[in-house]
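*Asks:* Below you will find the structure I want to go over with you.
Here, each number is a calculation from the coordinates, and none is a lab measurement. Remember, it's a predicted structure, so these values are computed and weren't measured experimentally. Note: ideal-geometry Cβ built from the backbone for every residue, glycine included; neighbour counts use all protein chains shown.
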Protein chains: 4
Amino acid sequence: MAIFTGFGSDNHSGVHPEILHALQSVNDGYVIAYGDDEYTIQTIKKLKQVFGKDTAIFFVYNGTAANILGLRSVTDSFHSILCAESAHLTVHECCGPENYIGTKLVNIPTSDGKLTVDLVQPYLIGVNDPHMAQPHVMSITQATERGTTYRPKEIQALAKFAHQHQMLLHMDGARLCNAAAFLKTGLREISGACGVDVLSFGGTKNGMMYGEAVVFFNKDHARYFEFIRKQGMQLTSKMRYISAQFSAFLRDELWLRNASHANEMAHLLAQQLQEIPGIKISQKVEANMVYAIIPNQSILRLQKQYYFHRFNERTCEVRLMCSFTTQPEDILRFAQAIRRSMMQKK
Amino acid sequence: MAIFTGFGSDNHSGVHPEILHALQSVNDGYVIAYGDDEYTIQTIKKLKQVFGKDTAIFFVYNGTAANILGLRSVTDSFHSILCAESAHLTVHECCGPENYIGTKLVNIPTSDGKLTVDLVQPYLIGVNDPHMAQPHVMSITQATERGTTYRPKEIQALAKFAHQHQMLLHMDGARLCNAAAFLKTGLREISGACGVDVLSFGGTKNGMMYGEAVVFFNKDHARYFEFIRKQGMQLTSKMRYISAQFSAFLRDELWLRNASHANEMAHLLAQQLQEIPGIKISQKVEANMVYAIIPNQSILRLQKQYYFHRFNERTCEVRLMCSFTTQPEDILRFAQAIRRSMMQKK
Amino acid sequence: MAIFTGFGSDNHSGVHPEILHALQSVNDGYVIAYGDDEYTIQTIKKLKQVFGKDTAIFFVYNGTAANILGLRSVTDSFHSILCAESAHLTVHECCGPENYIGTKLVNIPTSDGKLTVDLVQPYLIGVNDPHMAQPHVMSITQATERGTTYRPKEIQALAKFAHQHQMLLHMDGARLCNAAAFLKTGLREISGACGVDVLSFGGTKNGMMYGEAVVFFNKDHARYFEFIRKQGMQLTSKMRYISAQFSAFLRDELWLRNASHANEMAHLLAQQLQEIPGIKISQKVEANMVYAIIPNQSILRLQKQYYFHRFNERTCEVRLMCSFTTQPEDILRFAQAIRRSMMQKK
Amino acid sequence: MAIFTGFGSDNHSGVHPEILHALQSVNDGYVIAYGDDEYTIQTIKKLKQVFGKDTAIFFVYNGTAANILGLRSVTDSFHSILCAESAHLTVHECCGPENYIGTKLVNIPTSDGKLTVDLVQPYLIGVNDPHMAQPHVMSITQATERGTTYRPKEIQALAKFAHQHQMLLHMDGARLCNAAAFLKTGLREISGACGVDVLSFGGTKNGMMYGEAVVFFNKDHARYFEFIRKQGMQLTSKMRYISAQFSAFLRDELWLRNASHANEMAHLLAQQLQEIPGIKISQKVEANMVYAIIPNQSILRLQKQYYFHRFNERTCEVRLMCSFTTQPEDILRFAQAIRRSMMQKK
């Protein structure tokens, strides 16, 4: 029997049919490459309606690049970037940020993936001392890698603190849609409107094929981004196909439909797990993922049928992801499998 | 009237319908992300049938990345990379190679975009002198940026020379298909079989949407490429969609059908231009592009209707590209327009 | 009254007269630059008598460079370097290591500046996962930035652990002499002989003017170091003057005479502080520095007469350094000043 | 018989006695490290009297670092730096500039090591095109690596051209003193006063032991240099010893006395060579070096007694350097040896 990989990552899903259709719909004829085409111009216009007309918005291929090149635009090599210890930026980008920007990432331990002013404060040291990396950007993830979300007030507080200390606020929004769906806000309301300076706006985990947007809420920060993107190997030649995807993503709020479904499925999954004795939901379930502590034996048995990750290879906390394609019956079947795995003798 | 952009670049075309169809055909169900899926495994297998079973093959997003990361894998920062002065690597990647690999590019003037042993020889200086960058890779482009192609014997001679001097031979094969179509050879026959060590194998300019392959003919050179690709921001999550494209690209030799058409169109275009007095074809027409010297006034008039590039902004030599979608009637109409532009008084 | 800066850093001292004399003694005549001179050849020979004849040894200008370039030689950009949270490497080199090597530094909290296998173990995660930086080097400092020293057995355990996990052991020996003096061992006994792979051997903090040595205990690791050093801006032209210093440093064990004196002075200082009520020695005093917790008011008063650093700008723990020039009477006078500062009313 | 190395490089000489004496004269007592000491403050003040009070001046260890870090301060990674094909920057720094700044060096062929507006003009291409490195700095060497010097008017023309095109003018002044001595001007008159923006001011080749100065004629360009220097491994701890050297270098115009002597010796050498039939002086002799074409057999014979470099390992043009210690009798003896080498049969 094939292993079911649907809970392993929201990247394991395919592409939403409306996105696929959009790729086809822009296919005819010649258009100028590298973004000087009408499709791209129109899509950027639509995105500016969402994020604000004074933004500067650029497409890159993936989320790692959106983070690294967005940060590269506002960071010098002697700066440091403060982030949660669990941030994708520092854990899962193979030290690409250090490599490409040349900066230090300062990892701040958190219980739920969320930075707070109190957590960050003690790391603001060495300012103006040439021996020490200069704190320059705080990077937060919305929704976090732990499935939690920042409320607007929390982001505002972080932005205020950052700006008071001549720092900037960066947001990894690989799952911004899931956060907005959970918080019932718009996309701008939980990013630029709260003081975020640079945003990675992700689509791939929420139904797109490839392509992410880097949104600069202050155009000055984007002054050289076209050069940075090209030099950073992230300028796609046939840009119309990323533009078409983002255009479809915004049409009839596809992003919201997809994200809401994914979140609902995560809540259903959490509800099911909650009822299984011996299993502990270990993070608040807000976006489209569930963290749970499952006995080790049970994990090992389950992994013969289901593909999913431990949060840390040394613990029994597992991460279960839902996506826009997750089916309730798959969740019920999975819950059943977990129950069975808990009852088996060693 | 809209400006016709079809001769501006082979990137101005859309995506071949068989490629689009392939994207759709792999869309259902969950598969593991980042390349551990069956589609990718099968496609890599097919590519190894083409390039050799002892190769190591990886997908990245675009040609700039294929060049930079492929070279990064075999080059240390104190090395130098020798290439033609016209190479994409050195002209059109916004000094990404210098930036990412940290090496020096040594630009060698050529008349036709092709390196030869005689041209390279004088640049082999400073070997073992720690004050000087160490020549380590020769990079050639097949077909070249000037539309010419290397014959197998020419590549063999360069490879032999490189290896005799403890150097490697890299090939930018963004238009390898066009070269193979012109030379009536297979893809391996004009790359690995001639001694090329690392190849960027391009699909985007020949009918794909995005995605290129880095082919290492010696697996040892690829030992760390998975880390290099991830760190280099070029690991796509939904890998199945690049794999599907390459799979379709190989099926029934789509690559050859597309490239042959593009080449034929370039030859037709050259034939037309040849007959216009006052215009000079300035490079041998082999692959899918035509270089011609056109009087400046004529260029300026034409550019009101046609989008195309001068080879160098200071000269009257223009580059005219054909692609798998180029239509004979567009060529005839363009030839007509050129004729008219030549006849107008100042 | 001038502020007394003698306890601020062992870099605040001048140069030992024997070192100054050595500079003069090699001044006559022409010698080949960049290290191909007889003085350098002889000094390297002497250093090999100390560290082992199968070592490869190179001079650079300073300790930051010795660390960064030594590590650069054995580390690829997708690696990570594990070090104590207090390591100079990660705190006081302005993220030079991240910038120049492109790697991640993994900061491990310690109570006394010393790594142990138990402390390091939990950080060995993500091995072979291309999403994650690959643990590749453990870097320890001997003596540590906290004034403590690693016993040979402790280093052996770390080296064994590192090698078992295909990692290397790097040692920042900016104060290796002080450690050897305290432990009553030779320099090799607490570095290469315990399994250290790469060593930064410092002289500047112990009586030299400038110049540090990078010692590779496995010559293979140094294969490209001459290129790395030149490219890294650390190849001095008039090499004879660094060589002369190191030669004098070894002659009649000047390094040991200097380090022993500095250590003794630190012990005298600790003894004095111990007797002052309200002051707590906060780290074991082994090498040439004393850490003590002093009431904030007292620190502020003292700093009007004495220049010294807080360990962390947010705490009341201060670092007091001794050097080869520290005089007992200065210590007694300082102890007196501390006492006075403690008695003053707010 | 030992090989005479005096004509091999001006780095082959020792240190001027006044410099050595200066090192000794600042040796007593404690001073704050890293440049916050009175000696450094006073020396910077003196240098500002020479170069202008609105400059920002910093010390680094060597000329390679002065070039790379000075340029790093004013260059972004997507920029290019235009220099003569013979520039130290591009030939003899082991691609350190590409590595550390991440930029492209554009090598411009010259007959005498000197850039002119006409030579540079054709390389100003691709401006504002994100595919291409953006020309941002012109770097010239004064005196050049070919022994020639720029007249003030020539520098002014280059500066004007650079500034008109939003570029900066950098000067590698490793031998600025020799140029000033030859041109009978002050140091500022042929650098900042002509519009140079950033200068590497060298002392090592002219009698110092180590240490160079980076002079920014516009303080804004130096805003982050303290961080760049520390991160770039070029902040010396015991700064007083570089300061003392520069202080002595300025005192009673030691720099001019040394440079004048070196230049005179080069002119004497040229005069001698001129009289030898079969030898051709191949560059104008202005500063302290002589380029001459000598028959290959003769070079091979001479190199058994004399150490000197060919300009290019493939030609018979040799570079002969003079320094502040060169003795007329050594020149006469060398001329004699050349004559003999020319008369020997094969």
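*Asks:* Would you mind giving the mean number of other chain beta-carbons within 10 Å of the Cβ of each residue in C:220-230, as a whole number?
*Replies:* Mean shielding by partner chains, rounded to a whole number: 4.
*Asks:* Whole Å is fine, so just give me how far the alpha carbon centre of the stretch C:274-326 lies from that of the stretch A:14-76.
*Replies:* That distance is 56 Å.
*Asks:* Once you average over the residues of D:55-64, how many Cβ atoms of partner chains fall within 10 Å of each Cβ?
*Replies:* Across the residues of D:55-64, the mean count of other-chain Cβ atoms within 10 Å is 3.
*Asks:* Cβ neighbours within 10 Å, averaged per peptide: list D:206-215, A:118-127 in order, most packed at the top.
*Replies:* Ranked from most to least packed, the peptides come out as D:206-215, A:118-127.
*Asks:* Something else: Between residue B:106 and residues 5 or more places away or on another chain, which pairs have amide H atoms under 5 Å apart, with H built 1.01 Å from N, and which residues are they?
*Replies:* B:81, B:82, B:83
*Asks:* Counting only C-alpha contacts under 8 Å and six or more residues apart, can you give the relative contact order of chain A as a whole percent?
*Replies:* 24
*Asks:* Give me the net charge of residue B:114's neighbourhood, meaning all other residues with Cβ under 9 Å from the Cβ of residue B:114; Lys, Arg count +1, Asp, Glu -1.
*Replies:* -1
*Asks:* Okay, next question. Relative to the other copies, what are the label-point distances for residue B:125, with labels 7 Å from Cα along the C-beta vector, expressed in nm at one decimal and sorted shortest first?
*Replies:* When each copy's label point is compared with this one, the spacings are 2.4, 5.2, 5.4 nm.
*Asks:* With springs connecting C-alpha atoms under 10 Å apart, model chain D as a Gaussian network and identify which of D:263, D:67, D:99 has the largest mean-square fluctuation.
*Replies:* Looking only at D:263, D:67, D:99, the largest GNM fluctuation is found for D:99.
*Asks:* Counting other C-beta atoms within 10 Å, and keeping those with at most 10, which DSSP coil trypsin sites (Lys or Arg not before Pro) do you find in the stretch B:110-211?
*Replies:* B:184
*Asks:* Okay, moving on. Karplus couplings for the stretch B:211-217 from phi (6.51 cos²θ - 1.76 cosθ + 1.60, θ = phi - 60°), rounded to Hz, Gly and Pro as x?
*Replies:* Rounded to whole hertz, the list is x, 9, 10, 9, 10, 9, 7.
*Asks:* I've got another one for you. If you take every DSSP beta bridge whose two residues both sit in the stretch D:126-225, what share of them, in percent to the nearest 5, is antiparallel?
*Replies:* Close to 35 percent.
*Asks:* Does the protein assembly as shown come out rounded, prolate or oblate, given a ≥ b ≥ c as the square roots of the eigenvalues of its C-alpha gyration tensor, rounded meaning a/c under 1.5 and, failing that, prolate meaning a/b above b/c?
*Replies:* oblate
*Asks:* Sticking with this one: Say each of residue C:267 and residue D:85 gets a label point 7 Å from the Cα, pointing the same way as Cα to Cβ; how far apart are those two points in nm?
*Replies:* It works out to 6.7 nm between the two label points.
*Asks:* Here's another thing I want to ask about it. Give, rounded to the nearest 20 debye, the magnitude of the charge dipole that the stretch C:229-346 has about its Cα centre when Lys and Arg contribute +1 at Cβ and Asp and Glu contribute -1 at Cβ.
*Replies:* The dipole magnitude comes to about 560 debye.
*Asks:* Output the antiparallel fraction of DSSP beta bridges having both residues in the protein assembly as shown, as a percent to the nearest 5.
*Replies:* 50
*Asks:* Sorted by packing (mean other beta-carbon atoms within 10 Å per residue), highest first, where do A:107-113, B:74-80, D:240-246, C:218-224 land?
*Replies:* D:240-246, B:74-80, A:107-113, C:218-224
*Asks:* Non-local amide H neighbours of residue A:140 (under 5 Å, H modeled in plane, Pro and chain starts lacking H): which ones?
*Replies:* Those lying under 5 Å, H to H, from residue A:140 are A:170, A:171, A:172.
*Asks:* By the gyration tensor of its Cα atoms, with a ≥ b ≥ c the square roots of the eigenvalues, what is the shape of chain C: rounded for a/c under 1.5, prolate for a/b over b/c, or oblate?
*Replies:* oblate
*Asks:* Across peptide D:120-133, how many C-beta atoms of other chains are within 10 Å of each residue C-beta, on average?
*Replies:* Taking all residues of D:120-133 together, the mean is 5.
*Asks:* Residue C:25 label points, 7 Å along Cα→Cβ, one per copy: pairwise distances from this copy to the rest in nm, shortest first?
*Replies:* 2.5, 8.1, 8.5
*Asks:* Given chain D, what percent of its DSSP beta bridges are antiparallel, to the nearest 5?
*Replies:* DSSP beta bridges in chain D are roughly 50 percent antiparallel.
*Asks:* Taking the axis that carries chain D onto chain C, what is the nearest Cβ in chain D, and at how many Å, to the whole number?
*Replies:* Residue nearest the D-to-C axis, with distance in whole Å: D:61, 2.
*Asks:* If you don't mind, another one. If you average the alpha carbon positions of the stretch B:190-262 and of the stretch C:120-167, how far apart do those two centres end up, in angstrom?
*Replies:* 38
*Asks:* Additional query: For residue A:294, what residues show an amide H to amide H distance below 5 Å, using hydrogens built from the backbone and excluding near sequence neighbours?
*Replies:* Residues meeting the amide H criterion: A:318.
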